[in-house]
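The numbers here are math on the coordinates, done by the rules we state, and not lab data. This structure is a prediction, so every number in the text was calculated from the model and none was measured. For neighbour counting, all protein chains shown are included, and Cβ atoms are generated from backbone atoms with ideal geometry for every residue, glycine included.
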Amino acid sequence: MINRNPQLNKHRKLQHLLTTEGLPAEILLQILDTAETFVGVTERDVKKVPLLRGKSIFNLFFEPSTRTRTTFEIAAKRLSADVFNLNIAVSAQSKGETLLDTVNNLAAMDADMFVVRHSQSGAAHLIAKHARPGIHVINAGDGRHAHPTQALLDMFTIRRFKHEFHNLRVAIVGDILHSRVARSQIHALTTLGVPEVRVIAPKTLLPSRVERLGVHVFHDMRSGLKDVDVLMMLRLQKERMQGAYLPSSEEYFKNYGLTPEKLSMARPDAIVMHPGPMNRGVEIDSSVADGGQSVILPQVTFGIAIRMAVMSILAGQQV
Amino acid sequence: MINRNPQLNKHRKLQHLLTTEGLPAEILLQILDTAETFVGVTERDVKKVPLLRGKSIFNLFFEPSTRTRTTFEIAAKRLSADVFNLNIAVSAQSKGETLLDTVNNLAAMDADMFVVRHSQSGAAHLIAKHARPGIHVINAGDGRHAHPTQALLDMFTIRRFKHEFHNLRVAIVGDILHSRVARSQIHALTTLGVPEVRVIAPKTLLPSRVERLGVHVFHDMRSGLKDVDVLMMLRLQKERMQGAYLPSSEEYFKNYGLTPEKLSMARPDAIVMHPGPMNRGVEIDSSVADGGQSVILPQVTFGIAIRMAVMSILAGQQV
Amino acid sequence: MINRNPQLNKHRKLQHLLTTEGLPAEILLQILDTAETFVGVTERDVKKVPLLRGKSIFNLFFEPSTRTRTTFEIAAKRLSADVFNLNIAVSAQSKGETLLDTVNNLAAMDADMFVVRHSQSGAAHLIAKHARPGIHVINAGDGRHAHPTQALLDMFTIRRFKHEFHNLRVAIVGDILHSRVARSQIHALTTLGVPEVRVIAPKTLLPSRVERLGVHVFHDMRSGLKDVDVLMMLRLQKERMQGAYLPSSEEYFKNYGLTPEKLSMARPDAIVMHPGPMNRGVEIDSSVADGGQSVILPQVTFGIAIRMAVMSILAGQQV
């Protein structure tokens, strides 16, 4: 028997959003197209649609992230759902309950959807696998594994500004090794037909055999940025800035920080992206972050529409 | 003059829910019957009724409990109320304000209902006693004293699966001494006419003269479980697992952990309950917790309906 | 070019509420008059109006305050807005993001209004200055600088009980030096035409040259309270009760704590106010706090109406 994609139901419709890996292009495009309809909603005076009225959506954040939790909370409320924020670290888990007991309990309260962030890779998959039928799981970041809504909002942003995927040269710059964002971006970009995806990083911040993901590896930023259409910067976690991975944040900025001078290697109409929060002066210079090629704030705006799209598609599926 | 029941108004209707002790059977049954009407609501596509629209319900959690707070938040939102979560430990109380000042301030914001959890026995009573007319107080657990909504959802679960109370043999197993849940269960069971309520525990985990509550005491679990219809397991707090109360959690599991073998002493159609969160391998074996006689997840589901019932009954009362 | 009041738009309508300093009397009165219409709403059975339906209001609390945050949350929900509570200290800021990046990100999520509390004076101004057009900022307390909604609810309370401002003698008592509340009260009182504003405090708790604000300084409480119509007590922060500012809280109570005896120096119909939370036995005696001249709880009630008024006025403005 085939190990069916755990994200799709038997009709090959989206049942959970766990990773961009293995998602067919038509599902990715369905999400992007649905998000287009919600961009208008968030610009209206009354920013609400009644699509998910009476649905119960749980933000299960085993790893705290006010910003990401807020984006899902906004998306859910604009769909008229009821949202419940649970910071699990401080509660049941510390009382020794297992992850699945916690989730099964919440499911028994007639939950419709779980948005899960967890420091361990695979947590969202585990929950999706054991959840009762009718529950939908959205992965809001699990360990170093995946962060699919971030990758989807990035794809939406690229399509908005570049219109097509099939003629693009895209560079992802920074700590690829520890980044769930980079993994999800690479899978989405290749599935959507981007012909050339580059990763630019020092050797210590690259996974071994990363080429197998279909990317071109550069250690020198200037040659890596040559003629690219899209620059996707990654956040450098503080704990990488010293010790085993990097000598210092200054050294990192010198080699991999995006400055106007390095940006000039890219195509003149290239766009600059960053998932936030930015370390200004570490991975990106302020003049670039706030400059004319930056689409960092539109990414945030589109992120709400993408999350509304994912939630409304999931809520519309039968088991 | 008679010391009137502080939970009832002058028409002997429910004004506050503080404890199951002293509540007449007709009030308990009114809550169970009302909850029946809400079980259907939570299974609907749009899980909302407008009964409490515009009401302001405050979750005042002086002792943190994400799980319990969430159940009340869900119940309130499904009744269309506005809910405000206040974790008081980190705020006004730490600024030296008295409990009653905190509560009076919130009442002055035109609150309708307070859901109170507090580590001190009697806190909810104190608040109910001093609250201005029109405010309703629900005790969500106070010290070792009472946890009436837990007991009520347990009664609801028993009635759902056993239909009647007057022909049942019920055993409560575990740390009776420190358990507000056990106290509230015993009062509810005896008021509803259960003819035989047993408590099963080591001597160190039983209150002195517990027989006065109308229960039969067993120290040996196998004889205590003989022919019972309902097993109500209690959570063993971690801090009891060593030192003065118990030699170790392994020793406890050996004597009082619910295994399939011990369960076989009960009636073959006996149901197994637990208020959660469970310590698997301490007070209950996983094969029992997940087995065919377990009604632990239905308890959780019914808990939402019970809390909706209590809130809607209280909101419907005149002063 | 004139340095235009950053709180007003080009039509001299309220665009942000940052401080009572420099706000024209007609704006203060517009807020008080609008609040009158909302006092009725909060007393109704369904305490909601649909004025802000679909608006997204963010409580950005860089300094925690459950009580103040709750008042804004209540006001927003009674106006049918969607409210998002962000405790920023524990999130993006700790990840090294700048204040403006945090705020610009939230603005990009199509926020309509920010309620900002911050330990640094000027934070709300900074955010208002850099926010994109269409965003409204309400200062919920910044450092020692301003707390305008507190001052406005105090003005509302005074007008409710004293009807006019032009014939009043008002005394503000306590730690003027560190109090953003006192600064905002003084500006509002003088703008509204109160002919005599007194400040009563030990020298160590008065700003230098406080007379320039148009107030009369008293160090002796009994002479300062002589014949006043309104007493506005201030909260004494715990950290002032020892060391450089004051010898002890007992000594403070002896000299500046409001007792029935000291209150008798004021006019017999004088009202007693306090912004809460109170230190009973430090700045105010319980018999006064709970006595017939206290309007401390009505202040809290009116505070909701004032915040509803400010939010609805701001939301109604064009850029």
Label 7 Å beyond Cα on the Cβ vector: A:Asp227 copy-to-copy distances, nm
9.0, 9.0
Segment B:283-317-segment A:240-296 distance, computed between alpha-carbon centres (Å):
53
Given charges of +1 on the Cβ of Lys and Arg and -1 on the Cβ of Asp and Glu, with all other atoms neutral, how large is the dipole of chain B about its Cα centre, in debye to the nearest 20?
500
Mind putting a number on the dipole of segment B:148-295 about its Cα centre? Charges go on the C-beta only, +1 for Lys and Arg and -1 for Asp and Glu, and I need it in Debye to the nearest 20.
340
Helix-only [θ] at 222 nm, the protein assembly as shown, -39500 (n - 2.57) per DSSP H run of 4+, per residue, nearest 500, equals -11000 deg cm²/dmol
Along principal axes, largest first, the alpha-carbon spread of segment C:148-296 in whole Å comes out as 40, 34, 28
Under the span-like rule (Cα at least 27 Å along the axis, Kyte-Doolittle mean at least 0.5), DSSP H helices of chain C
C:25-43, C:296-316
Between A:Asp227 and B:Glu250, with labels modelled 7 Å along Cα→Cβ, what's the label distance in nm to one decimal, could you check?
6.9
Give me the percent relative contact order of segment C:244-319, please, defined on Cα pairs under 8 angstrom at least 6 residues apart.
30
For segment C:1-123, what is the percent of antiparallel DSSP beta bridges, rounded to the nearest 5?
10
Using a/c under 1.5 as the rounded threshold, could you call the protein assembly as shown rounded, prolate or oblate? The axes a ≥ b ≥ c are square roots of the C-alpha gyration tensor eigenvalues, and prolate needs a/b larger than b/c, oblate otherwise.
oblate
Determine ³J(HN,Hα), in whole Hz, for all residues of segment A:48-57 in sequence, where each value follows from phi through the Karplus function 6.51 cos²θ - 1.76 cosθ + 1.60 and θ = phi - 60°; x replaces Gly and Pro.
9, 10, x, 4, 10, 4, x, 7, 10, 10
Which chain B residue comes nearest the axis with its C-beta when you rotate B onto A, and by how many angstrom?
B:Asn85, 5
Extension reserve of the A:Lys238-A:Ala25 stretch, reckoned as 0.36 nm per residue once the Cα distance is removed:
73.2 nm
Assuming a strict under-29 Å limit between Cα atoms, what lysine pair count do you get for segment A:39-159 once near-sequence pairs (fewer than 8 apart, same chain) are dropped?
8
When the Karplus curve 6.51 cos²θ - 1.76 cosθ + 1.60 is applied with θ = phi - 60°, which whole-Hz ³J(HN,Hα) does each residue of segment B:288-295 get, with x for Gly and Pro?
7, 4, 9, x, x, 8, 6, 10
Residues meeting the amide H criterion for A:His136 (H placed from the backbone, H to H distance under 5 Å, 5 or more places apart or on another chain) are A:Met113, A:Phe114
Dipole magnitude of the protein assembly as shown about its Cα centre (Cβ charges: Lys, Arg +1; Asp, Glu -1), debye to nearest 20
520
Reach of A:Lys226 by Cα under 27 Å, taken over lysines that are not fewer than 8 positions away in the same chain
A:Lys162, A:Lys203, A:Lys254, A:Lys262
Fewest Cβ neighbours within 10 Å first, please rank C:Val217, A:Val173, C:Val300 accordingly.
C:Val217, C:Val300, A:Val173
Which distances in nm, rounded to one decimal and ordered from shortest, link the label point of C:Gly134 to the equivalent label points in the other identical copies, with labels set 7 Å from Cα toward Cβ?
3.9, 3.9
Whole-angstrom gap from segment B:46-84 to segment A:142-195, using each part's C-alpha centre
39
Write down the percent of antiparallel bridges among all DSSP beta bridges whose residues are both part of chain A, to the nearest 5.
5
Exposure proxy check on A:Tyr256, B:Tyr252: fewest-to-most Cβ neighbours within 10 Å is B:Tyr252, A:Tyr256
For B:Asp290, inter-copy label-point distances (7 Å, Cα→Cβ), nm, shortest first, read 5.6, 5.6
Karplus-derived 3J(HN,Hα), 6.51/-1.76/1.60, for each residue of segment C:135-147, Hz, glycine and proline x
8, 10, 10, 10, 7, 9, x, 10, x, 9, 7, 8, 8
